[in-house]
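Here the structure comes first, spelled out in structure tokens, and everything after it is commentary.
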Amino acid sequence: MKTIKTQPWPGQKPGTSGLRKKVAVFQQPNYLENFVQSVFNILGDCSGRRLVVGGDGRFFNAEAIQIIVKMAVANGFAEVLIGQSGILSTPAASCVIRKYQADGGLILSASHNEGGPDGDFGIKFNGANGGPAPEAVTDAIYAASEGLGEYYISDVADVDLATLGKVLRGETSVTVIDPVADYADLMETVFDFQQIRELLSHSKFHMRFDGMNAVTGPYAVEILERRLGAKAGTVMRSQPLVDFGGVHPDPNLVHAHELVELMNSDTPMAFGAASDGDGDRNMVLGSGIYINPCDSLAILTANAHLVPGYRDGLSGVARSMPTGRAVDVVAKTLGIPCFETPTGWKFFGNLLDAGKITLCGEESFGTGSDHVREKDGLWAVLFWLNVIAARGQSAKAIVREHWLKFGRTYFTRHDYEAVDVEAATDVVEGLRSRLGDLTGQVFGEMTVTAADDFSYVDSIDGSESSHQGLRVFFDNGARAVMRLSGTGTAGATVRVYFDCHQPDPARQGADAQRALAPVIAAFESMTGLCRAIGRERPDVIT
Ligand code: VG1
Ligand code: CO
């Protein structure tokens with residue numbers, strides 16, 4: 001074991017989902033090591049403990065794992081479990097931590113951010129419940145990183161990540177595990193595989209799953225093609241590549257355009273889905289319909305009784321604050337509580353652990369349940385397939401019926417990326433300073449009924465998180481939300497979210513941008529956002 005003297009690196013503050021920086025930043029001497037030691041220091045005495053390590057396979061994944069193993073050995077961990085080839089999707093890592101009762105895990109991923117030598121890298125710490133460390137822990141890690149003077153590493157040999165099985169490194173037992181099997185087994189306990197198998201064997205039901213050359217490919221091949229009998233080739237772009245083959249592994253209509261084209265071809269697929277870099281996001285498409293993630297959460301909630309894992313009912317649901325409020329309407333009808341949390345999966349953890357919620361989701365293509373403590377892309381796809389099979393209806397028919405019954409909540413998010421940090425901060429601060437005066441003011445055709453800076457008090461541990469996004473409510477029921485991203489690595493990303501509920505069936509067929517045009521215009525006239533940041537339009541609209 002060696003003790004290496006080091007200097008604190010500035011800015012090792014985990015964001016919405018872990019520490020995320022350019023690959024070149026992580027490759028600097030002691031950068032990764034400092035952060036990992038800060039995590040271990042917060043864990044305290046590591047002797048006798050079990051750690052899970054894996055990642056989305058992006059550039060620097062394998063190198064980082066070797067460093068982490070050597071540090072785990074020096075810090076006295078009893079056992080390290082690693083996904084074969086360094087692979088573990090984020091939900092699979094959560095599953096493995098829980099199943100093998102590990103004390104925590106390090107997940108190497110920058111999720112939906114681009115990979116490769118010029119792309120992004122990231123690392124996040126999940127606790128013994130399998131979920132992202134709560135803010136109190138990430139704050140403590142950051143504080144530890146700022147005062148770090150040394151780290152511990154051993155010079156044991158590298159571990160062969162390709163070979164399954166157990167080896168000894170120093171006193172630490174290091175096991176390379178099958179990254180897919182435990183997760184696939186868990187899925188079999190939640191869903192009706194027999195029913196889905198019958199659906200997939202139907203000659204008219206064609207589907208595609210886009211792995212985007214990222215981590216989900218092997219999981220989707222095993223579950224959809226091997227265990228559920230979907231045709232070979234159902235999973236496209238199924239090989240995890242270090243640079244994702246140049247693909248931006250963000251499952252939206254822009255980056256998954258090949259899938260979108262297949263859905264709109266002369267012989268369209270009945271169902272299409274895609275996942276992101278680390279496998280926790282999902283985009284679902286039916287023939288002739290894109291299902292936005294807020295609707296998806298609401299529809300899965302309304303149909304959960306059709307799925308074996310949720311047959312006994314849901315204790316409650318939760319959505320992140322900016323997420324469209326479609327699920328609130330369903331929760332009210334079902335008579336179950338609906339919680340509103342800040343952006344980021346870490347805020348669902350306590351509610352899930354306490355049994356207060358069964359399903360939860362975010363507008364950013366994240367949906368999940370109490371089966372693990374992360375959002376879960378393939379789980380959402382299997383949920384949809386199970387519902388389609390059980391109802392014997394197309395995805396489009398299911399969505400349409402849902403809107404008829406519960407009303408449609410239009411939703412869109414506008415992203416302005418790589419914005420000048422000062423300009424972005426000025427716009428947000430400018431609006432924040434006016435929040436108290438907005439009520440009663442008229443913008444375009446709409447009057448403001450309330451405005452605030454979202455603050456959250458965790459009902460389980462009482463912790464408070466403030467400044468989680470600016471909210472403006474209008475008299476027609478519409479809402480606009482603005483916040484700065486906590487996952488970007490270049491400049492600032494401004495996110496603006498709009499939603500509005502439409503109960504009238506005659507007005508549920510509009511394009512979302514059109515339906516939301518009045519609130520979009522009102523917000524622009526209120527903030528002068530585009531002018532202030534020097535943009536004409538958003539970079540990405542979802
Ligand atoms: C974004 C999303 C948020 C999500 C987070 C991590 O954060 O908005 O909903 O939880 O990414 O997702 P931000 O701060 O950039 O808005 V992932 O798939 O990176 O783990
Ligand atoms: Co992700």
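The values are calculated or read from the model by the stated rules, or taken from the named source; none is laboratory data. Quick caveat, the model's predicted, so the values are computed rather than measured. Ideal geometry is used to build each Cβ from the backbone, glycine not excepted, and the neighbour counts take in all protein chains shown. Remember, those area values only see protein heavy atoms, side chains included, never the ligands or the DNA or RNA. Shrake-Rupley method; radii C 1.70, N 1.55, O 1.52, S 1.80 Å.
Brief remarks follow.
- Measuring nothing but how far apart in sequence close Cα pairs (under 8 Å, 6+ apart) lie, relative to its length, segment 49-200 scores a relative contact order of 30 percent.
- Label-point separation, Lys5 to Val167 (7 Å along Cα→Cβ), nm: 3.3 nm
- Based on Cα contacts under 8 Å between residues 6+ apart, segment 408-541 shows a relative contact order of 37 percent.
- Pairs of Cα atoms in segment 400-446 fall into 5 Å distance bins, from 0 up to the last occupied one, in shares of 5, 13, 12, 14, 17, 16, 9, 9, 5, 0 percent.
- Accessible surface of the chain, 1.4 Å probe, proportion on carbon and sulfur as whole %: 50 percent
- The chain, accessible area per residue, ligands and nucleic acids excluded (1.4 Å, Å²): 37 Å²
- Probe 1.4 Å - accessible area at Ser85, Å² to nearest ten: 70 Å²
- Karplus 3J(HN,Hα) series, Hz, for segment 113-122 with 6.51 cos²θ - 1.76 cosθ + 1.60 (x for Gly, Pro): 6, 5, x, x, x, 9, x, 10, 10, x
- Measuring r between the beta carbons of Asn30 and Tyr100 and using R0 = 30 Å, the FRET efficiency lands at 0.50.
- Of the DSSP H helices in the chain, those whose Cα atoms cover at least 18 Å axially and whose Kyte score averages 0.5 or more: 31-43, 61-74, 377-391
- In range of the label at Glu464: residues from segment 307-344 whose backbone nitrogen is under 17 Å from the point 7 Å along Cα→Cβ: 342
- Percent of Cα pairs exceeding the 31 Å cut-off, where the set is the chain: 45 percent
- When only Cα pairs below 8 angstrom with a gap of at least 6 residues are kept, segment 183-406 shows a relative contact order of 21 percent.
- For segment 183-406, the fraction of alpha-carbon pairs in successive 10 Å shells from zero, as %: 8, 36, 39, 16, 1
- Both the radius of gyration and Dmax for segment 210-329 are 15.5, 44 Å, in that order, over alpha-carbon atoms.
- 10 Å Cβ shell holding at most 16 others, DSSP loop, GluC sites (Glu not before Pro): longest site-free stretch of the chain: 172-444
- Tyr219 accessible area, 1.4 Å probe, all protein chains in place, Å² to nearest 10: 0 Å²
- Here segment 46-115 and segment 392-417 have alpha carbon centers that stand 37 Å from each other.
- Think of it as helices only: each DSSP H run of n ≥ 4 in the chain is worth -39500 (n - 2.57), and spread over all residues that comes to -9500 deg cm²/dmol at 222 nm.
- Considering segment 2-179 at the alpha-carbon level, its Rg and Dmax are found to be 14.5, 38 Å.
- Counting only Cα atoms, segment 408-541 measures 42, 41, 28 Å along its principal axes, largest extent leading.
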